[in-house]
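A quick write-up on the structure given underneath.
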Amino acid sequence: MGQLIRQWRERRRISQLDLSISAEISARHLSFVETGRSNPSRDMVLRLGEHLDVPLRERNQLLLAAGYAPAYRDSGLDDPELAVARQAVRRVLAGHEPYPAVVVDRYWNLVDGNASVGILTEGVAPELLAAPANVLRIALHPAGMAPRIQNLGEWRADLLGRLRRQVEATADPELVRLHDEVRAYPGGEPEAGFPRRGEIFVPLRLSHDGAELSFFSTIATFGTPVAITLSELAIESFYPADDVTGEHVRRLAGARGTIGA
């Protein structure tokens, strides 16, 4: 357990002294914990995990390494106890119509989406959409959205940057493998270039039915989760970045009978 604490502390670039001050323990005691000379209490393990901003899944690993039972529940979104959260997610998705919105888990697997996601996934190879569908593969694979993305280099760099920061935050080997796989896909430079003049965000420029659509997105997470599943969910909502895109999406929604703003 002490080795894990030291690894997380070094990953966060925090000194023993700074961590001991923020966690309100002595630097000597923290040093003893890291070297295995002292066995931390369950409360101290949780306190250190919080101050090191360790993800809930990895906090359970710290507890197990210290000889304690996990504190955070790991269950699927279909668990009856998560019904309220599940309903909230679906209300967000439905309320965002006629614009696309998706829910993804820690590994960027598609958990849910609204009816308008079809605007993004049109023409994507069926095998990429088969469960468990991964939104990074859908977006950047040559058989996915990539051929339709007009600014593939920009969008690819943005997605890879987000994934790289997630790898740095979690040290999850599965995310490392996903990053290496997606980064090896052809098409577009992996590093971000200079933004276009006047841009305030990196848009997704996507061809659809003879039009070039432009979207920007926002990402929402649960604010105070104590369940691992909820802590790892993210809702990405896409908004039209120009009037042409808004009109195009609303026209498509009207054709299929979707009511939206």
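Where a number appears in this text, it was derived from the coordinates with a stated rule and is not lab data. These figures come from a predicted structure and were not determined experimentally. Backbone-built Cβ (ideal geometry, glycine too); neighbour counts: all protein chains shown.
Quick look at the numbers
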| read-out | value |
| --- | --- |
| Globularity ratio of the stretch 81-183, using Cα Rg and 2.2 N^0.38 Å | 1.13 |
| Crossing angle, helix 83-95 versus the chain [Cα axis fit, 0-90 degrees, rounded to tens] | 30 degrees |
| Highest-first arrangement of 57-67, 24-34, where packing means the average Cβ count within 10 Å | 57-67, 24-34 |
| Within the stretch 38-165: Cβ-based charge dipole about Cα centre, in debye rounded to nearest 20 (Lys, Arg +1; Asp, Glu -1) | 260 debye |
| Residue of G153, G144, G36 that the Gaussian network model of the chain assigns the largest fluctuation, springs spanning Cα pairs under 10 Å | G36 |
| Calculated mean projected area of the Cα convex hull in nm² (choose from (1) 15.1; (2) 13.3; (3) 16.3), label | (3) |
| Per-residue [θ]222 nm for the chain (sum of -39500 (n - 2.57) over DSSP H runs n ≥ 4, rounded to 500) | -13500 deg cm²/dmol |
| Simple Cβ-charge dipole of the chain, Lys/Arg +1 and Asp/Glu -1, about Cα centre, in debye nearest 20 | 520 debye |
| 3J(HN,Hα) from dihedral phi, the stretch 50-59, Karplus parametrisation 6.51/-1.76/1.60, rounded to Hz, x for glycine, proline | 5, 6, 8, 6, 6, x, 4, 4, 6, 5 |
| Cβ-derived FRET efficiency at R0 25 Å, D43 paired with V176, nearest 0.05 | 0.20 |
| Inter-part distance where the stretch 222-236 and the stretch 47-104 are each reduced to a Cα centre, Å | 4 Å |
| Degrees separating the helix 173-183 axis from the principal Cα axis of the chain, which is the longest one | 30 degrees |
